[in-house]
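Chemist: Once you've had a glance at the structure underneath, I'll fire off some questions.
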2 protein chains.
Amino acid sequence: MVEQVRSYLEQHQDRFVKELTEFLKIPSVSADSTLNSETRRGAEFVLKQLEDAGIESQIIETAGHPIVYGAWKKAEGKPTVLVYGHYDVQPPDPLDQWITPPFEPDIRDGHIYARGATDDKGQMYTHIKSVEAWMKTHGELPVNVIFVIEGEEEVGSDNLDRFLEENKDLVASDIAVISDTSQYAPGIPAITYGLRGILACEVIVQGPSQDLHSGVFGGAVMNPGNGLAKMIAALHDDEGRVRIPGFYDGVIELQPEERAQFAALPFDEAKFMSDLGVNAVSGEADFSTLERRWARPTCDVNGMISGYTGEGPKTIVPAESRVKISCRLVPGQDPVALTKALEQYLRAQLPTGLTMEFVDFHGCNALVFDFNSPYMSAAKTAIEQSFGAAPVMIREGGSIPVVETFQTVVGVETLLLGWGQNTDNLHSPNERFALEAFRQGTLASALLWHELAGVTV
Amino acid sequence: MVEQVRSYLEQHQDRFVKELTEFLKIPSVSADSTLNSETRRGAEFVLKQLEDAGIESQIIETAGHPIVYGAWKKAEGKPTVLVYGHYDVQPPDPLDQWITPPFEPDIRDGHIYARGATDDKGQMYTHIKSVEAWMKTHGELPVNVIFVIEGEEEVGSDNLDRFLEENKDLVASDIAVISDTSQYAPGIPAITYGLRGILACEVIVQGPSQDLHSGVFGGAVMNPGNGLAKMIAALHDDEGRVRIPGFYDGVIELQPEERAQFAALPFDEAKFMSDLGVNAVSGEADFSTLERRWARPTCDVNGMISGYTGEGPKTIVPAESRVKISCRLVPGQDPVALTKALEQYLRAQLPTGLTMEFVDFHGCNALVFDFNSPYMSAAKTAIEQSFGAAPVMIREGGSIPVVETFQTVVGVETLLLGWGQNTDNLHSPNERFALEAFRQGTLASALLWHELAGVTV
């Protein structure tokens, strides 16, 4: 069975690249309302591809850009897989830094260069082509498949959550699959089984009602710049640990197996430092750089401002100071409770003579999936057979909110299967996707349907 | 002798107000180059008034606005008094907040309202009129008098220092007099015998070479926002004392007599707080608010900026952070040495993984004059006889750089005799000067020449 699919994919690979090229020519920039008709063309392209593959599909209107929904559910007794992706792309600016225009796909060095090549048109497209291969060779799929391809991922997915909430029957499934992350490195495919959560806020500290002359008043009123600095400084101890009370309560620590897996990954710390332009790594004591990035909670200043910031001196006591703070969270930490704890802690540090306002930007939970689940095992096998190397099990330091939505609304875990590379210029000029990764990803997807069919539901 | 001068001043007071009105009509805004010809008219007005008073005078060109210089030196064996003032004014913006236009002087509530009314045209003018009164009634002055009236005080006095350096013979004198400060409060005339010094700098702390995604990198690199906050927080201990090593070495402490004088001054702390909009005063332990403002050194953030400061969240690790810091200094503190000490201390606090740049904005020394000197006694007598109350001896928290220049270049102390009030809207809309203060100031000035004549030089 699988051999026929392999052959089909090989025979049609050139056509797939041509079709992807047509897809990438569509400037479906969701943030640019002057391109709304092009963004809709992106949805229509996906619809036609799904239908051509033999998946009954439709365009579902939202308050913003439409969602493309398709479903094939004739594999009785088999798992149902929810495939998520997005057809919208980031704005292409700055245009002058593109070697070839962002919406005129160019193939060179074994890569296809265009906006959306990897994020997410190229990666998402692998799943449509793998379904096509099964349908054209067998007239059916080994598992049930539901496609939800949205057009607002790059602008916050405002309408996706409501669609999922209101259509739980349409998206009822056993496992979700998303290809919108990366391999660990070239030649090292990866499955991302954990994501950090986040909380974010802004703190406004008010001193005098207006900026004061630092000669006339300095020393007699609390300076909100100095005061805020004391508050921020109190967020960490000298070992880089966060001092918010209760911050580490309930944190699910890394398992020895995970630490061993991370430690076994090739990681060039000198290159990491030189790429970032820092002269040292830093962070919580007793953890490696990968552990700090993927699996330890943080508390970062995102921005701050106070008083006079123009050229030269201006000797004032500022009226106020502001800081934006975000904490990356790990499993076991509750963003709502910790936001409250952060606010209380900062209020406790607030120096006499200042008042404080706290703005909650809301957050999301961290997620870690069992990397030994049957679904994970199926994905490992499919990837190893296609890429020729077993995937490493990694985490990501950022958040992918839809993954939490799938867990809380749909009740499923997600397989995060990235075919691209971190170096593919996501959100930057000269975005690209390796044709070999496109081929391997499509095959891995086709094999995944086969492997998932063996999972008992 | 003095009675004739008193009578002259009374008889001519109305004319003085009319002349001052004409002076205030001239928009001599030194910062506005489109008004350069008006600023020059301001100089010419002063020149004519000095000449009409019988003082040989001239306009001295500089690289910027001219200096008006006048001298009468026929009081052999008597002290020579250097009178400093400025004919330039602050810009009048915001214009829409003026009840009557800034350059159309209006008399109401016993005050003359116009830009420059108190700062410094009205106050400076008292010394010209007092000289006129002596010359018209006696044909001579009790002391030698030199006038240096500049036109760049509101833009940094760039050319005054050079003039003084290059013309030491022209300005050789025994004591300087400046009326560009304020009384302590209505009905409480004051002599300012001390000024704080200052040092100022900017500190730039660099982390990664560009802003980083706080999810991907947060926790693994030192955040320059958090790092700078730690450095700023380290500047003070919990009792509000500055922790820069050596900061308090050599500080000349307040004498018990001074503390008693300050404590005896009426000071409504509740009103002070409510005027500034703060819910508490704050500062170095064991000192009163007036002591903190006038006679204790400080270390204030003037401004700071890092990362994202727009609306809403943006979860980055900023590439850099910046802070502007100024320290107000008191006698015994060396701004040059302490700037070095501040830089060294901040470098010692710099967290691993960050680099730091330090920009020195330069500073000036604090000054305190003997408030029991013969010159001070002469001024006290003159003020008490004119204002009907003995002046209180106060300090100012700010700096008046020309006072340090007079000390270092000319070698004289300065009598800071303010006739106006803090509430006269200096540098703000509806600047004003009480006509009674104008009258009392002119008489005090006339009496001062008489009293200074008794000082042995």
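Chemist: Starting from the 7 Å offset along Cα-to-Cβ, what nm value, one decimal, do you get for the label separation of A:ASN279 and A:ALA263?
Modeler: Using points 7 Å along Cα→Cβ, the separation is 3.1 nm.
Chemist: Okay, moving on. Along the charge dipole of segment A:312-457, Cβ charges K/R +1 and D/E -1, which of A:ALA348, A:LEU452, A:SER373 sits furthest on the positive end?
Modeler: A:ALA348
Chemist: Still on this model: Once the dipole of chain B is set up with Lys and Arg at +1 and Asp and Glu at -1 on Cβ about the Cα centre, which of B:ALA71, B:VAL148, B:GLY363 lies farthest towards its positive end?
Modeler: Farthest towards the positive end: B:GLY363.
Chemist: Enter the Cα centre distance for the pair segment B:18-63 and segment A:80-100, rounded to the nearest angstrom.
Modeler: 67 Å
Chemist: Follow-up. With each label point set 7 Å from Cα along the Cα-Cβ vector, what nm distance links A:GLN97 and B:ALA185?
Modeler: Those two pseudo-labels are separated by 6.1 nm.
Chemist: Also: When a/c is below 1.5 the answer is rounded, else prolate if a/b is larger than b/c, else oblate, so apply that to segment A:381-446 with a ≥ b ≥ c taken from the square roots of the Cα gyration tensor eigenvalues.
Modeler: Oblate is the answer for segment A:381-446, as a/c is 1.5 or above yet b/c matches or exceeds a/b.
Chemist: Mind checking segment A:288-352 for GluC sites (Glu not before Pro) that DSSP puts in a loop (not H, G, I, E or B) and that have at most 14 other Cβ atoms within 10 Å?
Modeler: Those satisfying the criteria are A:GLU311.
Chemist: Need the C-alpha centroid separation for segment B:398-457 versus segment B:134-191, integer Å.
Modeler: 8 Å
Chemist: Let me ask you something else. Return the aspartates and glutamates within reach of B:LYS74: Cα separation strictly under 19 angstrom, same-chain partners fewer than 8 residues apart disregarded; answer none if there are no such residues.
Modeler: List returned: B:GLU51, B:ASP52, B:GLU56, B:GLU132, B:GLU140, B:ASP169, B:ASP174, B:GLU451.
Chemist: Tell me which of B:THR34, A:PRO313, A:SER130 sits at the most positive position along the dipole axis of the protein assembly as shown, charges placed on C-beta atoms (Lys, Arg +1; Asp, Glu -1).
Modeler: Farthest along the dipole direction, towards plus: A:PRO313.
Chemist: Which order results if A:LYS271, A:LYS48 are arranged by neighbouring Cβ count within 10 Å, fewest first?
Modeler: By the 10 Å Cβ count, ascending: A:LYS271, A:LYS48.
Chemist: While we're here: So what is the relative contact order of segment A:347-413, in percent, for Cα pairs below 8 Å that sit 6 or more residues apart?
Modeler: Reported relative contact order: 25 percent.
Chemist: In addition: Taking the Cα centre as origin and putting +1 on Lys and Arg beta-carbons and -1 on Asp and Glu beta-carbons, what dipole magnitude results for segment A:233-349, to the nearest 20 debye?
Modeler: Approximately 480 debye in magnitude.
Chemist: Please identify the GluC sites (Glu not before Pro) of segment B:13-68 that satisfy two criteria: DSSP loop assignment and at most 16 other Cβ atoms within 10 Å. Which are they?
Modeler: Those satisfying the criteria are B:GLU61.
Chemist: Now, a different point. Counting other C-beta atoms within 10 Å, and keeping those with at most 13, which DSSP coil GluC sites (Glu not before Pro) do you find in segment A:90-187?
Modeler: A:GLU140
Chemist: Still on this model: Please label the shape of segment A:228-314 as rounded, prolate or oblate, based on the square roots a ≥ b ≥ c of the eigenvalues of the alpha-carbon gyration tensor (a/c under 1.5 means rounded; beyond that, a/b larger than b/c means prolate, else oblate).
Modeler: The shape class here is oblate.
Chemist: Going down the list B:LYS78/B:LYS136; A:LYS314/B:LYS340; B:LYS230/B:LYS324; B:LYS136/B:LYS380; A:LYS18/A:LYS73, which pairs span over 22 Å between their C-alpha atoms?
Modeler: Pairs exceeding 22 Å: B:LYS136/B:LYS380; A:LYS18/A:LYS73.
Chemist: Next question. Using a 10 Å cut-off around each Cβ of peptide B:231-238, what is the average number of partner chain Cβ atoms that fall inside?
Modeler: 4
Chemist: Taking only the alpha carbons of chain B, what extent do you get along each of the three principal axes, in Å, biggest first?
Modeler: Result for chain B: principal-axis Cα extents of 84, 50, 46 Å.
Chemist: Moving on. Given Cβ point charges of +1 (Lys, Arg) and -1 (Asp, Glu) and nothing else, what value in debye, to the nearest 20, does the dipole of chain B about its Cα centre take?
Modeler: 380 debye
Chemist: Antiparallel as a % of all DSSP beta bridges within the protein assembly as shown, to the nearest 5?
Modeler: Restricted to the protein assembly as shown, the bridges split so that about 70 percent are antiparallel.
Chemist: Given a Förster distance of 41 angstrom, what is the FRET efficiency for A:GLU104 paired with A:ASP360, based on the Cβ-Cβ distance and rounded to 0.05?
Modeler: According to the calculation, E is roughly 0.40.
Chemist: Please work out the FRET efficiency for the pair A:VAL216 and B:GLU3, using the Cβ-Cβ distance as r and a Förster radius of 45 Å; give the result to the nearest 0.05.
Modeler: Working: r = 40 Å, r/R0 = 0.88.
Using R0 = 45 Å, I get an efficiency of 0.70.
Chemist: Okay, moving on. Using alpha carbon centroids, what distance separates segment B:306-338 and segment A:226-284, in Å?
Modeler: If we compute the Cα centre of each part, the gap is 25 Å.
Chemist: Can you give the % of DSSP beta bridges in chain B that are antiparallel, to the nearest 5?
Modeler: Of all bridge pairs located within chain B, approximately 70 percent are antiparallel.
Chemist: Would you calculate the separation in nanometres between label points at B:LEU170 and B:GLN344, each defined as 7 Å from the Cα along the Cα-to-beta-carbon direction?
Modeler: Label-label distance for B:LEU170 and B:GLN344, simple model: 4.3 nm.
Chemist: Quick one: work out the % antiparallel among DSSP beta bridges in segment A:17-145, nearest 5.
Modeler: Taking every DSSP beta bridge within segment A:17-145, about 75 percent pair in antiparallel fashion.
Chemist: Now, a different point. Quick one: length gained pulling B:LYS25 to B:ASP286 fully straight, 0.36 nm per residue minus the C-alpha distance? Let's see the in-between values first.
Modeler: Numbers: separation 261, 0.36 × 261 = 93.96 nm, distance 4.83 nm.
Gain on extension, B:LYS25 to B:ASP286, equals 89.1 nm.
Chemist: Moving on. Which value, in debye to the nearest 20, gives the size of the charge dipole of the protein assembly as shown about its Cα centre, when Lys and Arg are +1 and Asp and Glu are -1 at the Cβ?
Modeler: 640 debye
Chemist: As a check on your grasp of the helix formula, calculate [θ] at 222 nm for chain B: sum -39500 (n - 2.57) over DSSP H runs of n ≥ 4, divide by the residue count, round to the nearest 500.
Modeler: -10500 deg cm²/dmol
Chemist: Can you list the copy-to-copy distances for A:ASN372, using a point 7 angstrom from Cα toward Cβ, in nanometres, shortest first?
Modeler: 8.8
Bear in mind these aren't lab numbers, they're just calculated from the coordinates by the rules spelled out. Computed from a prediction, not measured in an experiment: that's the story for all the values here. Because the Cβ atoms are built from the backbone with ideal geometry, glycine has one as well, and the counts that use them run over all protein chains shown.
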